[in-house]
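Participant: Attaching a single structure in structure tokens format; questions to follow.
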Amino acid sequence: MTAAQRTTVIASGCLAVSMVACILLLQHIDEIRPPAAVDDALYVNSPKLLKRASLGFDGLMACIYWTRAVQYFGERHFNHAASYNELAPLLEITTALDPHLLPAYQFGASFLAPNPPNGAGQPDRAIQLMRFGIAHNPDNWRLYYNLGFVYYTELKDYEKASQVFEEGSEVPGANSLMKVLAAKMAFHAGDLATARLLWSSTYESTQDSYVRANAIEHLRAIKVDEDVTNLQAAVTRFGERTGQLPTSMAELAAAEHFRGIPTDPDGHPYRLTSDGRIEVQNPDDFNFLTKGLPRGYKPPALPQFHHRE
Amino acid sequence: MSPRMFYIAFNTFREAVRDRVLYNLIAFAVLLSGAAIFVGQISIQIERLVVVNLGLTAVSLFGIVIAIFIGIGLVSKEIEKRTLYTMLSRPVRRWEFIVGKFLGLAGTLMVNTFFMAIGVFGALLYVAHKFTAPDALILVALYFIILEFLIICALALLFSSFSSPLLSAVFAFSLFVIGSFADDLRGFAALTHGLTRWLATGAAYLVPNFSALNVISAVAHAQPIGLQLILQNTLYALFYTAMTLSAAVLIFERRNLK
Amino acid sequence: MAAIEILGLEKTYMVGFWQKRPKRALQPLHLAVEEGEIFGFLGPNGAGKTTTLKLLMGLVFPTAGTARILGHEWTDPAIKAQIGFLPEQPYFYDYLTAHELLDYYGQLSGVPGKERKHKVEEVLQRVGLTDVKGVQLRKFSKGMLQRVGIAQAILHNPRVVFFDEPMSGLDPLGRREVRDLIEQLKHEGKTVFFSTHILPDAEALCDRVAIIHKGELRGVGAVADLTSTVQGKVEVIWHGTQIPASMKALGAECHVTGETVRAIVPEKQQDAAIDALRRERLRLIAITPLRTSLEAYFVEKLQHSQTTAGTRS
Ligand SMILES: Nc1ncnc2c1ncn2[C@@H]1O[C@H](COP(=O)(O)OP(=O)(O)O)[C@@H](O)[C@H]1O
Ligand SMILES: [Mg+2]
């Protein structure tokens, strides 16, 4: 072997060994140190300062922070984490860097507001974020819509929700539904019909598949809630009339002149328990249900979307 | 081991000194003393934070600029000016030349960093009037910065061994920026699917991982740094440097001089 | 033992930016240089001399072929300590002084520390560079750099030295000095292989020469033999392409070049040659005695190709 060949062999070996070692070490390093997202949320206490320090690359930095926020949320969510402490700071850094990054508000609010496991359970931070967004993008009616939503679904503050929908409806080019929503909020806030209107308008007004899937989930849950409410009323009527509980769904259906056995949106018949409760067959297939769940039912930590378009 | 590598390293250092590279220390000193006097005057309880953050960031940026600007010319300039003819017709092996050049540049940066470190501690003493235990962490941050320099030097040298100085500078600088977001890159890769995922993951693992080497804000906030991290970062930087230099050697061994 | 044996080294460069085309810089070259010889490697600009030397120094890699230097494979790192190389138009680290450069190169060539200082002084003296202490090479003239180049090539007392155009960039006095130096090297028993396109230098110095043109070896010979072959000969040139039979009978070597014919005849036959042309009514252009033998040989070797090229086209 000539000297040159020897060098080639040694250098190639060294290259291969080092490359493998680097990859293995990187995996170790990732395990022993917090990911970048957490790191930054810990140390960047002034998003404004960061904006100045990013030397004009704030647009790019905002995109990076937004991706970090999504990743952080996704990862925590996947790991069934109970806390999302760094999520709000990350979103605040993102929007401080680029106040016109609309997805950061829309998705940010829907990550922050709901209770775990669906979100961080920080509706107040979500509202703060949305208010900041509205202040910087006052002619975007969707931000009012999203904010009204947080008031409505998470805080059940129908008065505030109505007010926000009203403000949003005055933005030029706002969807005409905003006016309707404002009125509904004022008088029929607790109705399932109002909820349905909200979610179907959400579904209609967006192209984003995540938002649409989420809306469908809610609409499915509303349908089940409605059905269970109606069926439960039927059971009560049956009891008042006959002095006993119906023994089967078929008996109830016959007495109430239903057309067939009532089914949930997936086509599975509702179940009647021996103590007269109406339940869905597969509670795991629905998120956001408030009625029709078996006693002591615990939702899976990771909600899934069952109906993709 | 042949001493020739070290002769070449020394000559590389001598070249940097004679090209007045160390004059950057003056700019550094002006910047740091200006900042120290300024925050000392207005006294807003974050003197230490400002001096450590600014000082270490400046050490790192000054060094990276020097590493890239010297590194990109180490091989290509010698080929261009034909100074290599009389080197390689001596008992100097091509790999010795590469390794020697690397050692010389790394040595230059270490000397430079040494003086800058003195400056940082001096400024710290000026604003805080005394040293405290967490200040020892600054040494860890400086050590990580030097590890970062090793990687950058090797990369600049690698690019220099096959492309023009301008292109090398662009490549090296892009890799520095990408490497600073290596974490995010690995995160993005995890979000993709199929073939893209394979390619993205491969790329994410191959770019230098500078994010783990940047502990400046942690040190400024006096957060402890684990021994494990120090050890693994050291190994990582050494292996990455070895990998890059091997690639440079493989390329340069085959290269026809102009 | 041959000091240098070139066994079919050849080089094809790929040129062009996008569409790479091959460009043959050196045809397979076979050549042997004995130890202790001064060997001249002659050829016009672009002949392939520098390419050959760069191949031998391992600066570029051959397309095919090998070589041996002092009995070792030419890529063997061990022989590098025994050779010295002066590149064409040498350039050095211009931030160093001549002393620093030579000291550095001495280190790389393995000259022990004790000897080095003394060696550097001695070799600078030898190439005529005095009073350069403390002067950076960036302030050196072209001729001074050439001298530094020669100094670094012989610094470590190599057995074989390769010089690429050693006299270029020097004033007449400097050329004289370099000639003397090369002769001294021969007396010290070293092998000198140098390329040049300046024939008188080669004729004065060389034991043997090789002539290369367009990457092709055209002839190799001892200078003494070449001299005897052309001693007392004249060159006769006439218009036309016709070669009279009586001219051939005189034993003339004739070459047709375009519209002229060139013949070399012994001086004694000069009158007979003129008569032969007159009989055929050919127009005589010139009769010149061949002064430098090597020049004649050189011109002949180059023209040889032009005749063949001429007949081909
Ligand atoms: N790096 C290169 N790339 C392409 N062609 C080259 C290169 N170096 C030399 N050549 C060509 O090879 C031929 C021989 O060049 P060279 O060896 O320098 O000639 P000489 O030294 O005899 O004047 C020339 O035609 C030249 O153009
Ligand atoms: Mg030449």
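Bear in mind that the values in this text are calculations on the coordinates, not laboratory data. Predicted model only: the values in this text are computed from it and were never measured. Methodologically, a virtual Cβ is constructed for each residue, glycine included, from the backbone with ideal geometry; neighbour enumeration extends over all protein chains shown.
Participant: Per-residue ellipticity at 222 nm for chain A, helices alone: DSSP H runs ≥ 4 residues times -39500 (n - 2.57), over residue total, nearest 500 deg cm²/dmol?
Facilitator: For chain A, the value works out to -20000 deg cm²/dmol.
Participant: Using only alpha carbon pairs under 8 Å that are at least six residues apart, calculate the relative contact order of segment B:125-258 and give it in whole percent.
Facilitator: On the way: 108 pairs, mean separation 52.0, N = 134.
For segment B:125-258, the relative contact order is 39 percent.
Participant: Using each residue's phi in segment B:171-180, evaluate 6.51 cos²θ - 1.76 cosθ + 1.60 at θ = phi - 60° and report the 3J(HN,Hα) Karplus result to the nearest Hz, with x for Gly and Pro.
Facilitator: Once θ is set to phi - 60°, the couplings for segment B:171-180 become 4, 5, 5, 4, 5, 4, 5, 4, x, 5 Hz.
Participant: Test of understanding: in a Gaussian network model of chain C with alpha carbons linked when under 10 Å, which of C:P166, C:P158, C:P289 would top the mean-square fluctuation ranking?
Facilitator: C:P289
Participant: Additional query: Among B:F181, B:F171, B:F13, whose Cα projects farthest towards the positive end of the dipole of segment B:3-253, with charges put on the beta-carbon of Lys, Arg (+1) and Asp, Glu (-1)?
Facilitator: B:F13
Participant: Now a separate question. When a footprinting reagent is the concern and you count Cβ atoms within 10 Å, what order do C:K114, C:K214 take, fewest first?
Facilitator: In increasing order of surrounding Cβ atoms, one gets C:K114, C:K214.
Participant: How much mean residue ellipticity at 222 nm does chain B get from its helices, if each DSSP H run of length 4 or more adds -39500 (n - 2.57) and you divide by all residues, to the nearest 500 deg cm²/dmol?
Facilitator: Numbers: 12 runs with 200 residues, N = 258.
The per-residue figure over chain B is -26000 deg cm²/dmol.
Participant: Apply the Karplus parameterisation 6.51 cos²θ - 1.76 cosθ + 1.60, with θ equal to phi minus 60°, to every residue of segment A:251-256 and state each ³J(HN,Hα) to the nearest whole Hz, in sequence, with x for glycine and proline.
Facilitator: So the Karplus estimates, Gly and Pro as x, are 4, 5, 4, 5, 5, 9 Hz.
Participant: Using helices alone, I'd like the mean residue ellipticity at 222 nm for chain C: each DSSP H run of four-plus residues gives -39500 (n - 2.57), total over residue count, nearest 500.
Facilitator: Calculated at 222 nm, the ellipticity per residue is -11000 deg cm²/dmol.
Participant: Restricting attention to segment C:1-102, which GluC sites (Glu not before Pro) occupy a DSSP loop and are surrounded by at most 16 other Cβ atoms within 10 Å?
Facilitator: Here the GluC sites (Glu not before Pro) that fit, given the DSSP loop and packing criteria, are C:E35.
Participant: Could you work out which residue, out of C:G219, C:G128, C:G110, moves most in a Gaussian network model of chain C, that is, has the largest mean-square fluctuation with Cα springs under 10 Å?
Facilitator: C:G110
Participant: Quick one: among A:T290, A:T194, A:T153, which has the greatest mean-square fluctuation in a GNM of chain A with alpha-carbon springs under 10 angstrom?
Facilitator: Of A:T290, A:T194, A:T153, the Gaussian network model singles out A:T290 as fluctuating most.
Participant: Please label the shape of chain A as rounded, prolate or oblate, based on the square roots a ≥ b ≥ c of the eigenvalues of the alpha-carbon gyration tensor (a/c under 1.5 means rounded; beyond that, a/b larger than b/c means prolate, else oblate).
Facilitator: oblate
Participant: Separate question: If a/c stays under 1.5 just call it rounded; otherwise compare a/b with b/c (prolate if a/b is bigger, oblate if not). Do that for segment A:102-192, with a ≥ b ≥ c from the square roots of the Cα gyration tensor eigenvalues.
Facilitator: Note, shape of segment A:102-192 comes out oblate.
Participant: For the protein assembly as shown, give the share of DSSP beta bridges that are antiparallel, in percent and rounded to the nearest 5; count only bridges with both residues there.
Facilitator: 70 percent
Participant: Of C:C206, A:C63, how do they rank once you tally other Cβ atoms within 10 Å and put the fewest first?
Facilitator: Lowest count first: A:C63, C:C206.
Participant: Turning to a different aspect of this structure: Can you run phi through the Karplus equation (6.51, -1.76, 1.60; θ = phi - 60°) for segment B:120-129 and list ³J(HN,Hα) in whole Hz, with x for Gly and Pro?
Facilitator: For segment B:120-129, the Karplus-derived couplings read 4, 5, x, 5, 5, 5, 5, 7, 9, 6 Hz, x marking Gly and Pro.
Participant: Next question, about the same structure. Using alpha carbon centroids, what distance separates segment C:163-197 and segment B:5-64, in Å?
Facilitator: The distance from the Cα centre of segment C:163-197 to that of segment B:5-64 comes to 51 Å.
Participant: On to the next question. Determine, for C:I154, C:I79, the number of other Cβ atoms within 10 Å of each Cβ, and report the residues in order from fewest to most.
Facilitator: Taking fewest neighbouring Cβ atoms as first place, the list is C:I79, C:I154.
Participant: Next question. With everything on Cα atoms, drop me the angle between helix B:4-18 and the longest principal axis of chain B, reported from 0 to 90° to the nearest 10.
Facilitator: 60 degrees
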